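In what follows, a single structure is set out as structure tokens and then discussed.
Coordinate-derived values only; no laboratory data. Please read these numbers as outputs of a predicted model, since none were measured by experiment. All Cβ positions, glycine included, derive from the backbone under ideal geometry; neighbour counts span all protein chains shown.
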Amino acid sequence: MSQVATVGHGAVDSYESPLTPESWGKLGMWIFLAGDAMSFGALLATYGALRFGASNWPNPAEALGITLTAGMTFLLICSSVTMVKALAAMQDGDQPACVRFLAMTIAGGVIFLGLQAYEWTHLINHGMLLAENNFIIDATGSVVGHYHEGKELAAGQMRASGLFGTTFYMTTGFHGMHVFSGVVYLTVVMLKAMRGGYTPEDTNGIELVGLYWHFVDLVWILVFTFVYLV
Amino acid sequence: MAGNGTHEHPNYMLIFWWLLGLTILEVAVPMVITAPVPKIALLVSMAVAKAALVALYFMHLRFEKKLLGIIALTPMIICAFLLFMLMPDSSWRWIG
């Protein structure tokens, strides 16, 4: 037993441990993302429970429209690709390409936020508010019209659940805040990369912002499916 | 093997095409399939596949140590648990 526990083996053990100094930041980021994932998970689980329990939930694809959001999804996927390209460029020692790809990633995030602001404005102007909306639906959840004061509802028609807007704005708003934070974080990393703050041997800072950005993309994939398509 | 100063990178463009293809299929599914159960099953499995591609390749989880994978799995298990705890409450509408 004492034969096995030699200094040599100890050195091998510490090399194999995930807690090497280079990966402390990565470990920290993953723990943060796991906590963040639980916040998103709670929002989505609440959404699922409220929707499953409601008899007057509108068909989201009809109420929200999915063409624009499909484009936003495509945009975030593209920005994830430019993010991995930025990291790969710095690992290969190509600093200008790294900065270029980071700038493209930031642009993807900014355009995403602009499109989300446009979508929200459109929905609010059409009467979909945080706690109430004016959708009139039939028994299948199909949107058949918009309610206004004094309007008579035909047989089988009803007003859509106000919780539809609540869950929509809370979930997409929480995600949008993450995109905004990601844009700020990416800008800081890009400025550091422009000043030569990273080298092929030290790309940890770029990898960490990448982990955050891909997580934001990953969450949007789930939000797009559950909130818009299902 | 890679030369000095260069790294082997996963085929990121292949992952991109998979993500794009799955997104197009996802948008098409609600137009083609209206029955709720197969529609939801298909959409959820495609979303999970896309999320897994992002985590495994873009976030490099496939090439990382096991501990990070365990950290990533923890919230999924807890959220699945939360979902099953909420389910009985919201399914009263369907029972009675």
Need the failing condition index for A:SER161 against (1) in a loop (DSSP other than H, G, I, E, B); (2) more than 14 Å from chain B (Cβ to nearest Cβ); (3) in contact (Cβ under 8 Å) with a residue 24 or more places away in the chain; (4) not hydrophobic (A, V, I, L, M, F, W, C), just the number.
(2)
Count of residues meeting criterion [small (Gly, Ala, Ser) and more than 8 Å from chain A (Cβ to nearest Cβ)] in segment B:42-66
3
Total residues in segment A:208-227, condition within 9 Å of chain B (Cβ to nearest Cβ) and farther than 22 Å from A:ALA193 by Cα
8
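Please go through segment B:15-40 and pick out each residue that is farther than 15 Å from A:PHE74 by Cα and more than 10 Å from chain A (Cβ to nearest Cβ).
Result: B:VAL32, B:ILE33, B:ALA35, B:VAL37, B:PRO38.
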Report, by residue number, each residue of segment B:28-38 that is touching a helix residue (DSSP H, G or I) at 6+ places or on another chain (Cβ under 6 Å) and surrounded by fewer than 17 Cβ atoms within 10 Å (Cβ to Cβ).
B:ILE33
For B:LEU68, work out the one condition from (1) under 30 Å from A:SER55 (Cα atoms); (2) surrounded by 12 or more Cβ atoms within 10 Å (Cβ to Cβ) it doesn't fulfil.
(1)
May I ask you to say which residue of B:LEU20, B:LEU73 is within 28 Å of A:THR46 (Cα to Cα) and in a helix (DSSP H, G or I)?
B:LEU73
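Quick one: is A:PHE74 under 30 Å from A:LEU153 (Cβ atoms), within 9 Å of chain B (Cβ to nearest Cβ) and touching a helix residue (DSSP H, G or I) at 6+ places or on another chain (Cβ under 8 Å)?
Details: under 30 Å from A:LEU153 (Cβ atoms): no; within 9 Å of chain B (Cβ to nearest Cβ): yes; touching a helix residue (DSSP H, G or I) at 6+ places or on another chain (Cβ under 8 Å): yes.
When the stated conditions are applied, A:PHE74 does not pass them.
Quick one: how many residues across segment A:175-213 are β-branched (Val, Ile, Thr) and part of a loop (DSSP other than H, G, I, E, B)? Steps first, answer last, please.
Let us first name the residues in segment A:175-213 that are β-branched (Val, Ile, Thr), namely A:179, A:183-184, A:187-189, A:199, A:203, A:206, A:209.
When the remaining residues are screened for being part of a loop (DSSP other than H, G, I, E, B), the result is A:203.
Here the count works out to 1.
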